[in-house]
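K.L.:
Sharing a structure, written as structure tokens. Questions coming.
Values quoted throughout were computed directly from the atomic coordinates according to the rules given, and no laboratory measurement underlies them. Everything numeric here is computed off the predicted structure, so don't read it as measured data. Cβ coordinates were reconstructed from backbone atoms using ideal geometry, including for glycine residues, and neighbour counts include every protein chain displayed.
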Protein chains: 6
Amino acid sequence: MPIITLEGPKIANLDTRREFIRDLTDAAVKAYALPQEKIIVILHENSREQVGVGGELLVDKG
Amino acid sequence: MPIITLEGPKIANLDTRREFIRDLTDAAVKAYALPQEKIIVILHENSREQVGVGGELLVDKG
Amino acid sequence: MPIITLEGPKIANLDTRREFIRDLTDAAVKAYALPQEKIIVILHENSREQVGVGGELLVDKG
Amino acid sequence: MPIITLEGPKIANLDTRREFIRDLTDAAVKAYALPQEKIIVILHENSREQVGVGGELLVDKG
Amino acid sequence: MPIITLEGPKIANLDTRREFIRDLTDAAVKAYALPQEKIIVILHENSREQVGVGGELLVDKG
Amino acid sequence: MPIITLEGPKIANLDTRREFIRDLTDAAVKAYALPQEKIIVILHENSREQVGVGGELLVDKG
């Protein structure tokens, strides 16, 4: 049941997404010694108008 | 104040969404003995390119 | 894979928790026409010092 | 590292979003006495078909 | 219904928590022009063994 | 800013937690080509009375 949720910027492309899912899943398999079928990953990709760091929207940073 | 958040695939249509909201709300009303006005439900519907199960994106599963 | 996460106050007891899990799971089974083995529920129970409604901590409300 | 996540309706426009980010960031700076560079805000804006209050979708409320 | 969730370190004391709740609530009232009764804040305070920044647990940073 | 949140069972010990944080961070560094200082990981470890799979609490499964 371990569930890994990412909140991040857009991911470059589908291949990067595939590899990212595999790497996150492998990390959980190792940490919990669970079969990989049990691991769920959810990628929330946010636009630069929806995220602020240091009080400033990403879209306003250079 | 109980808040129920769903992370799931797309929901079939608006009627299914309506009924799902009612059922989740009823479950919380029963568990907490609170009036239904207090219950909030948020449905996050994710594309098949944003979710991985067992190390594989849903979009890559048959 | 649908995942239902609750953010709520403490739940009365283990039996209430059991029934709540079943009811939330049944709601997702119906909405998605998926087998119940696919449904995950996570209950985050928060203390009254960790939740504010209307600008006031629950612990400060009568 | 404090991370503030909002689940809310659509925000009116980019200026409102900017000010909201600043206000949420200021609140965390004050509460934690941390430099503002450490504070992250994520705005999840939900459509009225994805949120239910009191068992009813927002889109169905007048 | 706007819901503000914080993931952060422990908050110093109850008064800081009260003021933080008020400030976050005020920010949402202003952004959405909604009455403050509609705003919910949830504070998830995490131990230093549960958070990593830059690949290192907070508990291992000086 | 990418933030990785885990919802899972208890993690065995502090060393496992350390390694898990590093592995999750490395996965995000690779996917986003960002410096590791930007990556935050939050581990939410849940008791077996707070999680249901297939309609049953983990505490009730063998």
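K.L.:
Through the Karplus equation 6.51 cos²θ - 1.76 cosθ + 1.60, θ set to phi - 60°, convert the phi angles of region F:8-15 into ³J(HN,Hα) values in whole Hz; use x for Gly and Pro.
P.N.:
Karplus values, whole Hz, x for Gly and Pro: x, x, 4, 9, 3, 7, 5, 5.
K.L.:
Taking every Cα atom in chain D, find the radius of gyration and the maximum pairwise distance Dmax, and write them in Å.
P.N.:
14.6, 43
K.L.:
If you take every DSSP beta bridge fully contained in chain A, what fraction is antiparallel? Give it as a percent rounded to 5.
P.N.:
Rounded to the nearest five, the antiparallel share is 25 percent.
K.L.:
Something else about it: Which three numbers, in whole Å and largest first, are the semi-axes of the equivalent ellipsoid of the protein assembly as shown derived from its Cα gyration tensor as √(5λ)?
P.N.:
For the protein assembly as shown, the ellipsoid semi-axes come out as 27, 27, 21 Å.
K.L.:
Tell me which trypsin sites (Lys or Arg not before Pro) from region F:2-62 have a DSSP coil assignment and no more than 15 other beta carbons within 10 Å of their own.
P.N.:
Values: sites: F:LYS10, F:ARG17, F:ARG18, F:ARG22, F:LYS30, F:LYS38, F:ARG48, F:LYS61; in loops: F:LYS10, F:ARG48, F:LYS61.
Of the trypsin sites (Lys or Arg not before Pro), the ones in loops of region F:2-62 whose Cβ has at most 15 other Cβ atoms within 10 Å are F:LYS10, F:ARG48, F:LYS61.
K.L.:
Across region E:42-50, in residue order, what do the Karplus-derived ³J(HN,Hα) couplings come to in whole Hz, using 6.51 cos²θ - 1.76 cosθ + 1.60 with θ = phi - 60° and x for Gly and Pro?
P.N.:
Result, ordered by residue: 10, 9, 9, 9, 10, 6, 6, 8, 10 Hz.
K.L.:
Treating the point 7 Å from Cα along Cα-beta-carbon as the label, what are the nm separations from F:ASP15 to the other copies, to one decimal?
P.N.:
Ordered by distance, the counterparts are at 3.8, 4.5, 4.5, 5.9, 5.9 nm.
K.L.:
Treating the beta-carbon of each Lys and Arg as +1 and of each Asp and Glu as -1, no other charges, what is the dipole magnitude of region E:3-61 about its Cα centre, to the nearest 20 debye?
P.N.:
Here the size comes out at about 160 debye.
K.L.:
In percent, how large is the relative contact order of region F:3-61, given Cα pairs closer than 8 Å and 6 or more residues apart?
P.N.:
Values: 58 pairs, mean separation 25.5, N = 59.
Worked out over region F:3-61, it gives 43 percent.
K.L.:
Here's another thing I want to ask about it. For the rotation taking chain D to chain A, which residue of D has the Cβ nearest the axis, and how many Å away is it?
P.N.:
That would be D:HIS44, 5.
K.L.:
Can you run phi through the Karplus equation (6.51, -1.76, 1.60; θ = phi - 60°) for region D:26-34 and list ³J(HN,Hα) in whole Hz, with x for Gly and Pro?
P.N.:
Residue by residue, region D:26-34 yields 4, 4, 6, 4, 5, 5, 9, 6, 10 Hz.
K.L.:
From the label point of A:ALA33, set 7 Å along Cα to the beta carbon, how far off in nm is each other copy's matching point, shortest first?
P.N.:
So the label point of A:ALA33 gives 3.9, 4.2, 4.3, 4.3, 5.9 nm to the other copies.
K.L.:
Using the 7 Å Cα-to-Cβ label point, sort the distances from B:ARG48 to its equivalents in the other copies shortest first and give them in nm to one decimal.
P.N.:
3.1, 3.1, 3.6, 4.7, 4.9
K.L.:
Under 5 Å between amide H atoms, partner at least 5 residues away or on a different chain: which partners does E:ASN46 have, H built in plane at 1.01 Å?
P.N.:
Those lying under 5 Å, H to H, from E:ASN46 are E:GLY8, E:LYS10.
K.L.:
Another one. Determine the percent antiparallel among the DSSP beta bridges restricted to the protein assembly as shown, to the nearest 5.
P.N.:
The antiparallel fraction comes to roughly 55 percent.
K.L.:
Give the aspartates and glutamates whose C-alpha is closer than 17 Å to that of F:LYS30, dropping any in the same chain fewer than 8 places away, or say none.
P.N.:
A:GLU7, A:ASP15, A:GLU19, A:ASP23, A:ASP26, A:GLU45, E:GLU56, F:GLU19
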